[in-house]
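Okay, so here's the structure we're looking at.
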Amino acid sequence: MQPPFVGTFDYVLDDRNRVPIPPAYRSAFDGGGYIATGTDPCLVIHTPESFARASEIIESLPEETKEGEDARRDFYGKVWLLQKDAQGRVTIREDLAKFAGLTRDVKVVGVGRRLEIWDSATFDAREEARQQARISAVQKTQEG
């Protein structure tokens, strides 16, 4: 089992829209992976295992409902096979880069079972909101 992805790594998107996977985590994608849009303005890099788990959540939605079908279309329609080059970089499709608002400076963020790619300015601007969400979630857990 893959240890959790942790840390925040600063990178520069090169002129070919490539960004490195942090060196400590490159081997986690030797067997492939997936890159997709997130529910926030970011991209998600899944291992096969984390993608299977995300797929289970989507597949648990009721079929033949507008919400379930639209969720499946949005999820699967915006997922691509991960292509890692010999230097451990992944190429970001133009449509994915546009969705996440990626500019030159990006952050690759460990989020437990997956990695995320954020535009640095967007990620930094949301620092306080992330801290408040963490405090709120911990408080709810302690109350429950």
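The values are calculated or read from the model by the stated rules, or taken from the named source; none is laboratory data. Since the structure is predicted, the reported quantities are computational estimates derived from the model, not experimental observations. With ideal geometry, Cβ positions are generated from the backbone for all residues, glycine too; neighbour counts draw on all protein chains shown. Accessible surface is based on the protein model in full, side chains and every heavy atom, while ligands, DNA and RNA are left aside. Shrake-Rupley method; radii C 1.70, N 1.55, O 1.52, S 1.80 Å.
Side notes on the structure shown:
- Length gained on full extension, Asp95 to Asn17: 27.0 nm, using 0.36 nm per residue less the C-alpha separation.
- Taking GluC sites (Glu not before Pro) across segment 57-86, the ones in a DSSP loop with at most 14 further Cβ atoms lying within 10 angstrom of their Cβ are Glu63, Glu64.
- In plain terms, if you count all Cα to Cα distances in segment 5-81 and split them into 5 Å steps from zero, the share in each step is 3, 13, 20, 24, 18, 10, 7, 5, 1 percent.
- Estimated dipole of the chain in Debye, rounded to 20 [Cβ of Lys and Arg +1, of Asp and Glu -1, Cα centre]: 360
- Dipole magnitude (debye, nearest 20) for segment 50-102, charges at Cβ of Lys, Arg, Asp, Glu: 400
- Whole-Hz couplings from phi, Karplus 6.51/-1.76/1.60, listed for segment 105-113; x for Gly and Pro: 8, 10, 10, 9, 10, x, 10, x, 7
- Taken along the Cα-to-beta-carbon direction at a fixed 7 Å, the label points for Glu63 and Tyr76 span 1.0 nm.
- Reciprocal mean inverse distance between Cα atoms of the chain - Kirkwood radius, Å: 16.2
- Rolling a 1.4 Å probe over the heavy atoms of the protein chains gives segment 15-82 an accessible area of 57 Å² per residue.
- Dividing the helix sum by the residues of the chain, where each DSSP H run of 4 or more adds -39500 (n - 2.57), gives a mean residue ellipticity at 222 nm of -11500 deg cm²/dmol.
- Amide proton proximity set for Arg18, modelled H, under 5 Å, gap of 5+: Ile92
- Interchain or long-range residues, amide H under 5 Å from Thr37's placed H: Val44
- Overall, segment 1-62 carries a charge dipole of about 100 debye about its Cα centre when +1 sits on the Cβ of Lys and Arg and -1 on the Cβ of Asp and Glu, all other atoms neutral.
- Within straight-line cross-link reach of Lys78, lysines at Cα separation under 26 Å, skipping those fewer than 8 residues along the same chain: Lys66, Lys98, Lys107
- Restricting the trypsin sites (Lys or Arg not before Pro) of segment 1-77 to loop positions (DSSP other than H, G, I, E, B) with no more than 10 neighbouring Cβ atoms within 10 Å leaves Arg16.
- Each residue of segment 83-97 was assigned a 3J(HN,Hα) from its phi angle through the Karplus curve 6.51 cos²θ - 1.76 cosθ + 1.60 (θ = phi - 60°); the sequence is 10, 9, 8, 5, 8, x, 9, 10, 8, 8, 4, 4, 5, 5, 4 Hz, with glycine and proline shown as x.
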